[in-house]
Amino acid sequence: MSGAPALIEVEGLTKRFELRDPGLFGRSRGAVHALTDVDLRIERGETLAVVGESGCGKSTLAKCLAQLHAPTAGAVRFEGEDIFRAPAPARKAIRRRVQMVFQDPFGSLNPRMTAAEIIAEPLLIHRTGDASERSRRTAETASRVGLRAGDLGRYPHEFSGGQRQRIAIARAAILEPDLIIADEPLSALDVSVQSQILNLFMDLRRQSGLTYVFISHDLGAVRHIADRIAVLYSGRIVEAGPAETLFAGSRHPYTQSLIEAVPRPGAGKRLQWKTLGGDPPSAIDPPGGCAFHPRCPKVQEICRGERPRPAIQPDSGPGHASACHFAEELNGT
Amino acid sequence: MSSPAAAETAQPDILSVEGLTVAFETDDGPLTVVDGVSFGLQAGRTTGMVGESGSGKSVSALALLGLLPPNGRVAAGRAMYRGADLLALPADRLRPLRGDRIAMIFQEPMTALNPVFSIGDQIAEVLQIHQRLPRGEAWERAVGMLRRVGIPDPATRALAYPHQLSGGMRQRAVIAMALACGPDILIADEATTALDATVQAQILELMTDLQRQYGMAVLFISHDLGVVSALADDVVVLYAGRVMECAPASAFFGRPMHPYSQGMLETLPSLTPPGHDLPTIPGTPPDLARLPGGCRFAPRCPRAAEDCRAAEPPLTETRAGSRAACIRPGPDWDPAEDPT
Ligand SMILES: Nc1ncnc2c1ncn2[C@@H]1O[C@H](COP(=O)(O)OP(=O)(O)OP(=O)(O)O)[C@@H](O)[C@H]1O
Ligand SMILES: Nc1ncnc2c1ncn2[C@@H]1O[C@H](COP(=O)(O)OP(=O)(O)OP(=O)(O)O)[C@@H](O)[C@H]1O
Ligand code: SF4
Ligand code: SF4
Ligand SMILES: [Mg+2]
Ligand SMILES: [Mg+2]
């Protein structure tokens, strides 16, 4: 690894949401521990997938990277600059270079703007190009994501769910940012469109060296695009490493359960993929020790009392870390 | 429980959709986006509806519930439910059915949730209106439903506003609301696609349970063929607003008859080794305003020939219980591997 700063470096990132009853002096009902002590490095040009179950903190992490949430503690550095301590103009410049595709493509598109206006809006916000340049780039970006030029005058509700997601992707891509954070960009899309969009993401990266953070609840869906995978559980990273290393030799029982949970189509009826038993952890009162211990098939006494720290697995692929007391013994699935 | 074979033959439809046709008024004139769609739903059974983005799945569902946007209208068809045609029912007779006897889970959860009320309030309200439960009991039931859809700390989370929940939790809140009244018919539009496998399995089990308990009929709209194969008894395939194939799930996944169905099954990412570009069905769905003559799949069909462009092929029985809209139907399977 060179001494140059990573495109993004996250250190000790923690985000809590205070739960209060309505009103100025509403009673506190504790806090949601959405993210706790997350460390992460994203190198330029790579695709990092962040995976984990519903509620584990994926969108919160994405929003902290995109400056939409201020962290409770910790730092996010963009090319070495701490974005939450940087002066306003620097923050705005970084915001332009980091674009996000939101999880809910309907809620994030303004219903009173046409598709063309939505796609072009970032150019206006960041004062880029004149009118003819803007319309040329809008048309070009729209066609890259597979939207028909004749449809661009229509409003979001006139498009199907998958078409709306394409609009959102075009909007994120139009500024040619350094980093695109895509929060579940595929789950609203049907399989053939999913493949087209994945191929599109890969093309964009080949052409312009884009960096991606790809958020997904589905490990199988990111296998094709991710260089590295970070697995979140209960607001913490429990395993991270090169995608193929994780698939071939995960060293964390939670990741292993995700790999087994990838559903496969078959001829028979009824649920036929293996899923994790037990209940997802409370985010208000997370389990002590290893947060995964109430559901872990490999749990031992130490797991209940002592939290395992993420540890590099030197005998595995480079950059492979796992937060499990028994990581070394968990060779492969 | 009767044997599956008996159920397959004896079950009358609880909802019978015939020739559903929906048109939108657009700047370029009327656009038919759902064109003569027919299928039936049976108590205790699940029908999977699949098809590419824009094929008309959501519009079909919205039409059944009288929820089309203002520029859309039902141009033809019937949807018979307990002796009444849902498509002809006046709004004041359809409204009490909606959310009670016929429930829908919308593709975008935020459209079904009110941002200024807690999710507990919203679920409890449904129960107060339709089941006439007193407030306290409705609230208890709402918390219970949130627990059943796998939301941790349900009693605290019931107090949360939609924006305070994660995307998957919002989706589950909407599912809890739809299932709260124990409907006869559930229309689930991409209800579980935003959910991880574990939560998804939990929801599907809950749906299957309710199905067994109350004989709920489910229309499960999804582009996730893996889930459809695990859940559905029957499959309806839409392409550009028309039914291409309609078959028992085992037949569809084992030996699809329509070239489009075959193409869909071949694009599954799980069949492609990593690092390779994923296969896609070449071409794109047709522009509905400029449909090709004849079979609308012809421009993308590997089997297309001159006669395909002559007339739109009707849905025809290809084998017992299966129908396909193709003049050259048939599975592209290796006869040596055919178990029958
Ligand atoms: N209000 C509207 N005005 C005009 N066209 C519309 C309107 N609503 C939907 N459409 C068009 O109707 C077609 C069918 O849309 P629908 O939402 O049913 O697709 P879908 O099969 O549900 O797709 P997806 O998988 O992406 O959700 C699309 O071409 C869409 O653009
Ligand atoms: N604005 C907020 N106020 C209070 N709690 C919040 C807020 N935003 C998120 N949370 C909570 O933080 C936790 C993590 O949420 P997040 O949206 O990051 O999950 P996620 O991993 O993206 O899940 P999903 O896959 O369901 O989208 C959840 O418990 C959620 O309820
Ligand atoms: S530390 Fe213990 S409980 Fe946690 S994942 Fe490892 S074995 Fe399981
Ligand atoms: S009718 Fe012809 S073009 Fe249409 S699906 Fe069948 S073979 Fe293909
Ligand atoms: Mg999320
Ligand atoms: Mg839809």
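The values are calculated or read from the model by the stated rules, or taken from the named source; none is laboratory data. In this text, all values refer to a predicted model and were calculated from it rather than measured experimentally. Reconstructed Cβ throughout: ideal geometry from the backbone, glycine too, with neighbour counts over all protein chains shown.
Side notes on the structure shown:
- Hits in the range A:219-265 (condition: within 14 Å of chain B (Cβ to nearest Cβ), within 30 Å of A:Gly288 (Cβ to Cβ) and assigned to a helix (DSSP H, G or I)): A:Leu219, A:Thr245, A:Leu246, A:Pro253, A:Tyr254, A:Thr255, A:Gln256, A:Ser257, A:Leu258, A:Ile259, A:Glu260
- Restricting attention to the range A:13-70, the residues that are away from every other protein chain (no Cβ under 11 Å) and on the phi > 0 side of the Ramachandran plot add up to 4.
- Residue within the range B:280-296 that is within 16 Å of B:Arg323 (Cβ to Cβ) and either at pLDDT below 95 or within 24 Å of the chain's Cα centre (by Cα) (or both) present: yes
- Residues that are modelled with pLDDT under 90 and in a helix (DSSP H, G or I), drawn from the range A:126-146: A:Ser143, A:Arg144
- The range A:1-84 holds strands (runs of 3 or more DSSP E) entirely within its bounds, and those carrying 1 or more residues that are over 22 Å from A:Gln99 (Cα atoms) and within 16 Å of ligand 5 (Cβ to nearest atom) map to A:8-20, A:28-42.
- Options B:Leu206, B:Leu225, B:Leu195: the member that is over 15 Å from the mean Cα position of the chain (by Cα), at the interface with another protein chain (Cβ under 7 Å from one of its Cβ atoms) and not aromatic (Phe, Trp, Tyr): B:Leu195
- Residues being touching a Leu at 6+ places or on another chain (Cβ under 6 Å) and either of a type in the set (S, T, N, Q) or within 14 Å of chain A (Cβ to nearest Cβ) (or both) - total across the range B:65-112: 1
- Test result for B:Cys326, farther than 18 Å from B:Arg255 by Cβ, of a type outside the set (Asp, Glu) and modelled with pLDDT of 85 or more: no
- Residue match in the range A:161-180 (condition: farther than 26 Å from A:Arg44 by Cβ, part of a loop (DSSP other than H, G, I, E, B) and over 20 Å from the mean Cα position of the chain (by Cα)): no
- Condition broken by B:Ala240, with the remaining ones in (1) on the phi < 0 side of the Ramachandran plot; (2) in contact (Cβ under 8 Å) with a residue 60 or more places away in the chain satisfied: (1)
- A:Ser216 fulfils the conditions (1) within 12 Å of chain B (Cβ to nearest Cβ); (2) among the hydroxyl-bearing types (Ser, Thr, Tyr); (3) surrounded by fewer than 22 Cβ atoms within 10 Å (Cβ to Cβ) except for a single criterion, (3).
- Residue match in the range B:176-184 (condition: within 16 Å of ligand 2 (Cβ to nearest atom) and facing chain A (nearest Cβ under 8 Å)): no
- Condition met for A:His224 (crowded, with 24+ Cβ neighbours inside 10 Å and modelled with pLDDT under 95): no
- Test: residue in the range A:132-140 that is surrounded by 21 or more Cβ atoms within 10 Å (Cβ to Cβ), away from ligand 1 (no atom under 13 Å from the Cβ) and under 20 Å from A:Ala66 (Cβ atoms): no
- Test: residue in the range A:301-319 that is within 30 Å of B:Val228 (Cβ to Cβ), modelled with pLDDT under 95 and either acidic (Asp, Glu) or more than 16 Å from ligand 1 (Cβ to nearest atom) (or both): no
- Residues that are without any contact (Cβ under 8 Å) to a residue 40 or more places away in the chain and either touching a Leu at 6+ places or on another chain (Cβ under 9 Å) or part of a loop (DSSP other than H, G, I, E, B) (or both), drawn from the range B:122-138: B:Ala124, B:Arg132, B:Leu133, B:Pro134, B:Glu137, B:Ala138
Let's see how each residue does on (1) within 14 Å of chain A (Cβ to nearest Cβ); (2) without any contact (Cβ under 8 Å) to a residue 60 or more places away in the chain; (3) within 16 Å of ligand 1 (Cβ to nearest atom); (4) not in a loop (DSSP other than H, G, I, E, B):
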site	(1), (2), (3), (4)
B:Pro282	yes, yes, no, no
B:Pro285	yes, no, yes, no
B:Arg296	no, yes, yes, no
B:Arg303	no, yes, no, no
B:Asp307	no, yes, no, yes
B:Ala311	no, yes, no, no
B:Glu317	no, yes, no, yes
B:Cys326	no, no, no, no
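- Failed item in (1) within 14 Å of chain B (Cβ to nearest Cβ); (2) within 30 Å of A:Asp218 (Cα to Cα); (3) touching a residue at least 12 places away in the same chain (Cβ under 8 Å), with A:Glu158 passing the rest: (3)
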